[in-house]
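A.B. asks: Take a look at this one; I'll ask things after.
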Amino acid sequence: MLEIKNLHVEVEGKKILNGLNLTVNPGEVAAIMGPNGSGKSTLSYVIAGKDDYDVTDGEILIDGENILDKDPEERAAAGIFLAFQYPVEIPGVATMTFLKASLNAQRRARGESDMSTPDFMRVVREAAAKLEVDPDMLKRPLNVGFSGGEKKRMEILQMALLSPRYGILDETDSGLDIDALRIVAGGVNALRAENRGFLVITHYQRLLDYIKPDVVHIMSRGQIVKTGSADLALELEKNGYRDYVADAA
Amino acid sequence: MTAEITRINTAAESKLIELFGAAKGGVYSGASLDREAAFARFAKSGLPHRRIEAWHYTDLRSILRDAYAPTVAPTEDTVALARTRLAEMHVEGTRVVILDGYFQAELSSNLEQPGVSTRSLIDVLGGGPSGVIDRLAVSALEAQESVLSLNAAFMQGGAVVSVAPGAVVETPIELLFLTSGQRAGAVTTRSLVEVGSGASAIVVERHEALGSAPSQSNHALILSVYDKASLHHVTMSSGAEAATQTVASIIANLGADANLVSFALVTGFGFVRRQGFLTFNGAHAKGDLRGISLLDHQGHADTTLVVTHKATHCESRELFKHILDDEATGVFQGKVIVAPGAQKTDGKMMSRAIFLADGATMYNKPELEIFADDVVCGHGATAGFLNEEQLFYLRARGIPEKEAQALLLEAFAAEAIEGVGTDAIREVLTESVGRWLRQRQD
Ligand SMILES: Nc1ncnc2c1ncn2[C@@H]1O[C@H](COP(=O)(O)OP(=O)(O)O)[C@@H](O)[C@H]1O
Ligand SMILES: [Mg+2]
């Protein structure tokens, strides 16, 4: 279980998360919807361990263990995966080299041995084929010159390779055309499993047509202001965030 | 009334005077270079210091606390040590072994092979030909650089490698400088590589210490690349980590349509001053100077270059990368001079540094002196820490911090290795960079 309890986060003295509470159960897809600037990306970065943020109160627990003191790499090894809203370009590092380094780093952290190169090549090629990622792209520097859609597919490919326990998808749908959206959603759905939870952050109902959430949370001004079923997303699509933003004010 | 300014010798300078007095007429006699005159030139100006512009960031006068006595000629013991090491090394083409500064024909391999002829510096100085001796003398430069005068006064040995006009030598020619490192000593060498018209060659210069005694080295390497000839030169050091102080000068002259790529890998925590003097004497030549310096502790590496365009339509490139950890210091000074009439010169220099610690320092000083109007010259310099967004991205995928840094740093360094020498040489260079980065992780 991924639990976020009373999380308070500031950046440069500015409060961004104000006592946020949220639980993602294994096997569950939880959606977070909320207006721009409500703190969704901040939440995802804080879970992944980015250190630009001051956590002034609260806890983030995986199966009861607080991960706030852990480094990002330790959290990754513990099963956290963040699909970035803006995947970072890394010139000079071939995508393949990066994938191998991350997969083996996580294996080592779990006390497993490195995956052999032939095995690695096989799993990467299979994952790439499923996401319709051109194998030639894997030779190119990571994310450099990739289109928006290619970057997002690459994020999902990484998630597939690393098989995390909790996948956090920060606006993975933004900048995708309908075909890319279908491929990405298909990739996520293929990873749905009893022991794996997802936190799907999105602006639009559209993505949730493809990835059916079990629960929808509405976030505003750094808090979860409403929780409901998948229907809540449909209601938002009609009425917008007005009601919830006003409530929080 | 004019006041005579008298310079007070430092301890190291006084020691050098004493050492030269003890050595002259001894092992160094018989050569045609006037060592006394060279030493007199040195003694007049002394060691370079920070009030000399080219040495501003590397004050040799205060850095050199002591001067070591010249290393003695190889003995049975040091030769045996070298043989043990050489037995582990594979050799294909020409390999010149210079042990503790002394040319060692018996330890070398294939000194004569089709298109390549290699002789000992001391033999050439003693027997000519005079044209070669003139090129070895670099007298114009010596007048400005007291470390070259010092080099002339103390040089123990070196190699003169001649690649015949038109010869295409594919197997790299190796200049292997070994120091026995059993006790503190000073090594002084001078070598010349001449690549005849239309010829092409690759020279790999390797410096390796077989023991960890402190050393002081003063190396000079003269590269003459004639019309339409091509030379790739790579220098690197490996072996025991010792307290080393190195001054290395490269003097390169390019003819028309010539091509030179010269790359230097510097690693460790010693003191290194590398100075390069590249002159374009004929039109349409290309010169590409590169380097990677990987420094930690209180290491200090200075690369100072003077590139002089005397001919039209030449292209010069300088690309230097520094990775600086702990309290290390990097210096890059690049001066491009475009002489009157050297139209259509295309010169670019770039220096990039990455700090791995707050205590590290980089000095960048690019300079252009342009006396022609139809030229394209540019320079750039950057220094900063690794990109935090990139680091976080890698770590969020489970890659530990040091390994993530290493990935980014390898990518940073790789650009300077592109196109240098052969695949095998690039592999060795990449591997050396990787090794340095990995030892940081332990
Ligand atoms: N590193 C930062 N420095 C300053 N302000 C930040 C930083 N990160 C986020 N913010 C601010 O925090 C608020 C929430 O941002 P964000 O988490 O990106 O929201 P969302 O993803 O919901 O659009 C915004 O007002 C944003 O400007
Ligand atoms: Mg966002």
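The values are calculated or read from the model by the stated rules, or taken from the named source; none is laboratory data. Keep in mind that what you see is a predicted model, and the values were worked out from it rather than measured. Glycine gets a Cβ as well: all are built from the backbone with ideal geometry, and neighbour counts include every protein chain shown. Note: areas computed on protein heavy atoms with side chains; ligands, DNA, RNA excluded. Shrake-Rupley method; radii C 1.70, N 1.55, O 1.52, S 1.80 Å.
A.B. asks: With the structure loaded, tell me whether B:Ala414 is open to solvent by 40 Å² or more (accessible area, probe 1.4 Å), in a helix (DSSP H, G or I), under 26 Å from B:Asn259 (Cβ atoms) and facing chain A (nearest Cβ under 7 Å) or whether it fails that test.
C.D. replies: Against the criterion (open to solvent by 40 Å² or more (accessible area, probe 1.4 Å), in a helix (DSSP H, G or I), under 26 Å from B:Asn259 (Cβ atoms) and facing chain A (nearest Cβ under 7 Å)), B:Ala414 qualifies.
A.B. asks: Of all residues in the stretch A:29-70, which are part of a loop (DSSP other than H, G, I, E, B), out of contact with any Gly (no Cβ under 6 Å at 6 or more places or on another chain) and within 16 Å of ligand 2 (Cβ to nearest atom)?
C.D. replies: A:Gly34, A:Pro35, A:Asn36, A:Gly37, A:Ser38, A:Lys50, A:Asp52, A:Tyr53
A.B. asks: Which condition number in (1) away from chain B (no Cβ under 14 Å); (2) outside any loop (DSSP other than H, G, I, E, B) is the one that A:Glu73 fails?
C.D. replies: (1)
A.B. asks: Related question: Please determine whether any residue of the stretch A:128-137 is within 14 Å of chain B (Cβ to nearest Cβ) and open to solvent by 20 Å² or more (accessible area, probe 1.4 Å).
C.D. replies: Among the residues of the stretch A:128-137, not one is within 14 Å of chain B (Cβ to nearest Cβ) and open to solvent by 20 Å² or more (accessible area, probe 1.4 Å), which makes the answer no.
A.B. asks: Which one of these is under 20 Å from B:Glu401 (Cβ atoms), small (Gly, Ala, Ser) and either open to solvent by less than 30 Å² (accessible area, probe 1.4 Å) or away from ligand 1 (no atom under 16 Å from the Cβ) (or both): A:Gly79, A:Gly19?
C.D. replies: A:Gly79
A.B. asks: OK, next. With A:Val88, A:Val93 as the choices, which residue is of a type outside the set (Asp, Glu), surrounded by fewer than 20 Cβ atoms within 10 Å (Cβ to Cβ) and facing another protein chain (nearest Cβ under 7 Å)?
C.D. replies: On the way: A:Val93 fails: surrounded by fewer than 20 Cβ atoms within 10 Å (Cβ to Cβ).
Of A:Val88, A:Val93, the one residue that is of a type outside the set (Asp, Glu), surrounded by fewer than 20 Cβ atoms within 10 Å (Cβ to Cβ) and facing another protein chain (nearest Cβ under 7 Å) is A:Val88.
A.B. asks: Further question: Listed residues A:Met115, A:Met121; which is more than 11 Å from every other protein chain (Cβ to nearest Cβ), open to solvent by less than 50 Å² (accessible area, probe 1.4 Å) and outside any strand (DSSP E or B)?
C.D. replies: Only one candidate qualifies: A:Met115.
A.B. asks: Output the number of the condition that B:Thr78 fails; it satisfies all remaining conditions of (1) under 22 Å from the mean Cα position of the chain (by Cα); (2) of a type in the set (Ser, Thr, Tyr); (3) crowded, with 17+ Cβ neighbours inside 10 Å; (4) assigned to a helix (DSSP H, G or I).
C.D. replies: With (1) under 22 Å from the mean Cα position of the chain (by Cα); (2) of a type in the set (Ser, Thr, Tyr); (3) crowded, with 17+ Cβ neighbours inside 10 Å; (4) assigned to a helix (DSSP H, G or I) applied to B:Thr78, the lone miss is (1).
A.B. asks: With B:Thr118, B:Thr94 as the choices, which residue is buried (at least 20 other Cβ atoms within 10 Å of the Cβ) and touching a residue at least 60 places away in the same chain (Cβ under 8 Å)? Break it down stepwise before answering.
C.D. replies: Numbers: B:Thr118 fails: touching a residue at least 60 places away in the same chain (Cβ under 8 Å).
Answer to the check: B:Thr94.
A.B. asks: Would you point out which residue out of B:Ser139, B:Ser130, B:Ser117, B:Ser149 is touching a Lys or Arg at 6+ places or on another chain (Cβ under 8 Å) and among the hydroxyl-bearing types (Ser, Thr, Tyr)? Let's see the steps before the verdict.
C.D. replies: Details: B:Ser139 fails: touching a Lys or Arg at 6+ places or on another chain (Cβ under 8 Å); B:Ser130 fails: touching a Lys or Arg at 6+ places or on another chain (Cβ under 8 Å); B:Ser117 fails: touching a Lys or Arg at 6+ places or on another chain (Cβ under 8 Å).
Unique residue meeting the criteria: B:Ser149.
A.B. asks: Within the stretch A:168-179, can one find any residue that is in contact with a Phe, Trp or Tyr (Cβ under 8 Å, 6 or more places away or on another chain), closer than 26 Å to A:Met115 by Cα, within 14 Å of chain B (Cβ to nearest Cβ) and in a loop (DSSP other than H, G, I, E, B)?
C.D. replies: Within the stretch A:168-179, not a single residue is in contact with a Phe, Trp or Tyr (Cβ under 8 Å, 6 or more places away or on another chain), closer than 26 Å to A:Met115 by Cα, within 14 Å of chain B (Cβ to nearest Cβ) and in a loop (DSSP other than H, G, I, E, B).
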